[in-house]
Structures are given as C-alpha cells and as structure tokens.
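For reference, the structure discussed in these notes is given below.
The values are calculated or read from the model by the stated rules, or taken from the named source; none is laboratory data. The model shown is predicted, which means the values in this text are computed figures rather than measured ones. For neighbour counting, all protein chains shown are included, and Cβ atoms are generated from backbone atoms with ideal geometry for every residue, glycine included. All accessible areas refer to the heavy atoms of the entire protein, side chains included, with ligands and DNA or RNA removed. Shrake-Rupley method; radii C 1.70, N 1.55, O 1.52, S 1.80 Å.
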Amino acid sequence: MPTINVVGAGFSGLTTAYFLTKRGFKVRIFEKTNRAGGLICTIRSAHGLVETAANGLLNSARLEAMCADIGVPLLPTRRDGRKRFIFRGRPRQLSLTTSDMTTLAFRLATQAISFHPRQFETITAWGNRVIGSGATNYLLAPALGGIYAGDPKRLSASLIFGRAALPNHLKTNRPARGRVRGTVAPPNGMQQLIDGLCVYLKNAGVEFVFNYEARLEPNEAAVVCLSARAAAEFLSDAVPELSQALRGIEMLSLATVTCFYPPEAARLKGFGCLFPRDQGFRSRGVLFNDCIFEGRGPAHSETWIFGGALDPEAVNLGDDEFAQLIASEREKFYGKHDDGLDFRITRWPNALPHYSIELERILTMLPAPPSNIALVGNYLGRIGLAKILERAALVVNEIGLKL
Ligand SMILES: Cc1cc2nc3c(=O)[nH]c(=O)nc-3n(C[C@H](O)[C@H](O)[C@H](O)COP(=O)(O)OP(=O)(O)OC[C@H]3O[C@@H](n4cnc5c(N)ncnc54)[C@H](O)[C@@H]3O)c2cc1C
C-alpha cells in the first residue's frame, strides 16, 4: 500500500487519517502548528472547561462506531440542556406570535408553495416565501445565524438544506442516525476526541510531522484537510485554477467568550439562547455550558458568541471591552447583574467559510482536483463535524477504489 499524505491535523485530517488507517494505508500527517486539533481545543480551568470552537457534535452511527473503536466515550446532552431559547422581548422557547404561527400553519397545510429552495435563493428569501416573515426573523434567521455565523440575507438556502446542485466530486453521504439522538461530546471536552484519535493513529503507525507547513510535491498523493483559505494557499502552484476558486471563499471571523459565575447565577436551564438582530444584543447567542453536558463545572459557565458576517469587527474588541459588553448584555438578558469569577476569550480571525450564495456559486463550478488530490473540510458544502466525518469516510472509500 502506498503512503498517503494528510495535510492538516484538525478534525478533518485526523478523521481522514483514521479511515485511511482502517483501509490499511500507510499515513503521514503534516501539521503547520505544534499541536493537533486545529480550531478544536479544550482548556481546563479551575472553574470548568473552555472550548475554543465546537463544544459538541451531532451524533451519528459513524461517530459512535469510531469513538467505540478508539475508546472515547460520548455523553448525550443533559435533559435540561435540550431546551433552546430565542430572545423576543425575553428568552422564549416558543418565539413566534399567534399571527406568525397561523401564517406558518396555513402555508404548511396548504402546501401552496414549493418548499424546495431555488438555486441561489437566500435564507431570508426562502423563509419569507415559504414560512412567512415572522418565522424567518424570529426562528430561522437566528437559528442559522447561530450555526453558520452568516448573514441570512446572503446565506444560501440550497447549501444549508443540502439541496445545492453540487458537482459529483463534492457529494457527501447523509449521516446515518446513531443510537443516541442529538448533540454529544466526550466527558472531558472535545480535546478528548482529538487526543483519542491521535493516540489511536500513533499506535497504528501513523507518522505525525508537526511544525511543518506542507507544500504540494508533484504527483504526491495527498488529502488536503485544511480551511478554504489554507487549501487555496497549499494548492496555489500545483493546481492554480482550483486554488483561485477557493481563494474567492469569504471567511468569517468569530470571538467566543466563556464566562464563569457562581452556580446561583444559572437562572435559565437550556442549551442556550439566540438573539434575533432587532433585539438589541451585539452577541449572536449564548450557550449554557454546564447545562448542556455533565461535568462542565464546578462553576456556572456561559459562552457568548460574537462576530460573523454581520459584525466582522467584534473579533478586534479588547478584553475589557468584551467584559463590559457581556456584563451589559447579561443585565439586559436576565435583568440582574452577577459578578463573574473568570472569563476566557478566543478570537478566530477567518475561522469559518460564509455559507452564502457566493459560496454556492463557487462550489457549483468548483473544478475537480487532479486524481492525486482529494479535499476534506468545512467549506465543501457541509460545515458541521458530523458531515465532515461523512466526507472523510467517503473520500477514503474513493481512494481505496482508485488504488
Ligand atoms: C467558535 C466555533 C464554534 C463551533 N462550534 C461547532 C459545533 O458546536 N459543532 C460543530 O459540528 N462544528 C462547530 N464548529 C465548526 C468546527 O469546529 C470546524 O468546522 C472544524 O473544527 C474544522 O476542522 P478542520 O480540520 O476542517 O479545520 P481546522 O480545524 O482549521 O484544521 C486545519 C489544520 O490544518 C493546519 N494547517 C493549515 N495550513 C497548513 C499547511 N500548509 N500544512 C500543514 N498544516 C496546515 C492548521 O494549523 C490546522 O491545525 C465551530 C467552529 C467555531 C470557530
């Protein structure tokens, strides 16, 4: 079996290496920094865990099988953590008015319109056409804004609903359901999954090359597991047309601030709350970490999320500015002030691709990579980790068929 080079040791690279190893390939992973995990990292503080990016991932049969194989347990979401809130005057589980509900019910019942998103239709346009403006502004837009950090007036409905007319080389399977439904995470945070994968891969003979910014050698077999921007850079000499297309993908910057409070400051039990744009919050949403998974304390922990397409400057706020901003947003949210115990800020410039209709256009026409190159990453039509896992498995399957 030939050696396959995997470029990037984030979630995409490690899971690709896992499936390659399972198929019997020899694997070498190149990583630019001195650690594996990429965006994902869990910091253990005296007050609880801090996740720098994903705090969990959607469970699937494939994830369960992989985690059982590498010996990483997965926790389901706590019962309390299943409630999701949207702010409309106050945090509400049901954020729609009677009139919004009537419009929605009428449209769903009469099926007078096609639910299928049109090519290059934005989320706002799809929502107004299909579910009505109330449900769009106070349900769909905040929910998708929270996941994609995008601008609903530019987010692509086809990409988000998995209906875009993507070329064959970008096809990904839908994840099969796992035994546990919903979001899961390892008990010690997402780093436990990264560490579990690394230990498994090292034991399987995978060579890790850290602190190495890989360049593509002619005819080298490589799976490129990078962000859109890093992939464009990596491919610039060898595959200029593909590189040029990837360079056009807009990247969004995000900042997350994990704040710790005494346990009595936990006033609302749930997964978190999203903020529609007209509700006067700068944050896109807040997660109630200790309510989502067991063992995140001892303190009450909230992660406030800022930035994205509608607020690109947020990532440049200073530490004190974030502290003041969160204090004032919390007072608006809870109607009370709490003294915090500690807070940790993570700033991610150019963290995520904007799932906009521009990305839909780019992907629709994305040239296929040459046969020695394969792509895995969060910009190829699916942003979440569960979908990246499916893409990694599919790509490895195709490599197996070719060689
Ligand atoms: C704040 C935030 C919250 C999120 N929450 C969730 C969530 O709850 N659920 C979910 O499913 N997803 C979530 N995501 C998305 C998810 O975390 C990312 O999509 C995913 O981690 C991306 O992994 P990756 O391996 O594709 O890329 P990356 O994590 O960016 O890894 C790429 C790696 O490649 C390395 N690299 C770059 N250039 C080179 C080079 N030339 N040579 C070698 N190495 C190179 C980088 O150093 C990096 O380690 C979140 C993202 C953010 C930012």
(request) Name the residue, out of Ile40, Ile29, that is within 11 Å of the ligand (Cβ to nearest atom), in a loop (DSSP other than H, G, I, E, B) and either under 18 Å from the mean Cα position of the chain (by Cα) or crowded, with 20+ Cβ neighbours inside 10 Å (or both). (result) Ile40
(request) Out of Ala228, Ala214, Ala222, Ala245, report the one residue that is within 12 Å of the ligand (Cβ to nearest atom) and at pLDDT 95 or above. (result) Ala228
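For every residue, the table says whether it meets (1) of a type outside the set (Ser, Thr, Tyr); (2) assigned to a loop (DSSP other than H, G, I, E, B).
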{"position": "Glu233", "(1), (2)": "yes, no"}
{"position": "Ala255", "(1), (2)": "yes, no"}
{"position": "Gly270", "(1), (2)": "yes, yes"}
{"position": "Ser283", "(1), (2)": "no, yes"}
{"position": "Val286", "(1), (2)": "yes, no"}
{"position": "Gly295", "(1), (2)": "yes, yes"}
(request) Could you list, in sequence order, all residues of the range 186-216 that are under 25 Å from Gly24 (Cα atoms), open to solvent by less than 50 Å² (accessible area, probe 1.4 Å) and polar (S, T, N, Q)? (result) Gln192
(request) Would you mention how many residues in the range 374-389 are open to solvent by less than 10 Å² (accessible area, probe 1.4 Å), modelled with pLDDT of 95 or more and outside any helix (DSSP H, G or I)? (result) 5
(request) Would you please list the contacts, defined by Cβ atoms under 6 Å and residues six or more apart or on different chains, that run from a residue in the range 51-68 that is closer than 30 Å to Phe343 by Cβ to a residue that is more than 15 Å from the ligand (Cβ to nearest atom)? (result) Asn59/Val180
(request) Would you mind stating whether Asn219 is open to solvent by 40 Å² or more (accessible area, probe 1.4 Å) and either hydroxyl-bearing (Ser, Thr, Tyr) or closer than 30 Å to Pro76 by Cβ (or both)? (result) no
(request) Mind counting the residues in the range 357-373 that are assigned to a helix (DSSP H, G or I) and either of a type in the set (Phe, Trp, Tyr) or more than 16 Å from the ligand (Cβ to nearest atom) (or both)? (result) 6
(message) Of everything in the range 222-231, what is open to solvent by less than 20 Å² (accessible area, probe 1.4 Å) and within 20 Å of the chain's Cα centre (by Cα)? Give them in sequence order.
(response) Val224, Cys225, Ala228, Ala231
(request) Specify the residue that is surrounded by the most Cβ atoms within 10 Å (Cβ to Cβ); the eligible residues are those in the range 330-356 that are assigned to a loop (DSSP other than H, G, I, E, B) and in contact (Cβ under 8 Å) with a residue 24 or more places away in the chain. (result) Tyr355
(request) Can you confirm whether the range 313-329 contains a residue that is touching a helix residue (DSSP H, G or I) at 6+ places or on another chain (Cβ under 9 Å) and open to solvent by 60 Å² or more (accessible area, probe 1.4 Å)? (result) no
(request) Please work out if Arg92 is within 16 Å of the ligand (Cβ to nearest atom), modelled with pLDDT under 95 and closer than 19 Å to Gly285 by Cα. (result) no
(message) Where the second residue is within 14 Å of the ligand (Cβ to nearest atom) and of a type in the set (Gly, Ala, Ser) and the first is within 18 Å of Gly37 (Cα to Cα) and lies in the range 375-403, which pairs have Cβ atoms under 6 Å and are six or more apart or on separate chains?
(response) Val376/Ser12; Val376/Ala392; Gly377/Ser12; Tyr379/Ala228; Leu385/Ala54; Ala386/Ser60; Ile388/Ser12
(request) Scan the range 43-78 residue by residue and report those that are within 12 Å of the ligand (Cβ to nearest atom) and either touching a Cys at 6+ places or on another chain (Cβ under 6 Å) or part of a loop (DSSP other than H, G, I, E, B) (or both). (result) Thr52, Ala53, Ala54, Asn55, Gly56, Asn59, Ser60, Thr77
(message) Within the range 86-99, does at least one residue satisfy the condition of being aromatic (Phe, Trp, Tyr) and open to solvent by 30 Å² or more (accessible area, probe 1.4 Å)?
(response) no
(request) Would you mind stating whether Gly178 is out of contact with any strand residue (DSSP E or B) (no Cβ under 7 Å at 6 or more places or on another chain), in a helix (DSSP H, G or I) and among the small types (Gly, Ala, Ser)? (result) no
(message) Based on this model, can you work out whether Gly150 counts as more than 23 Å from Glu250 (Cα to Cα), in contact with a Ser or Thr (Cβ under 7 Å, 6 or more places away or on another chain), open to solvent by less than 20 Å² (accessible area, probe 1.4 Å) and modelled with pLDDT of 90 or more?
(response) no
(message) Please go through the range 15-26 and give me each residue that is open to solvent by less than 10 Å² (accessible area, probe 1.4 Å) and out of contact with any Leu (no Cβ under 9 Å at 6 or more places or on another chain), ordered by number.
(response) Thr16, Leu20
(request) Read through the list (1) farther than 30 Å from Ile357 by Cβ; (2) within 13 Å of the ligand (Cβ to nearest atom); (3) open to solvent by 40 Å² or more (accessible area, probe 1.4 Å); (4) at pLDDT below 95, then give the number of the only condition that Ala238 fails. (result) (1)
(request) Run down Leu394, Leu352, Leu389, Leu325 and say which single residue is under 23 Å from Ser253 (Cβ atoms) and either within 16 Å of the ligand (Cβ to nearest atom) or of a type in the set (Ser, Thr, Tyr) (or both). (result) Leu352
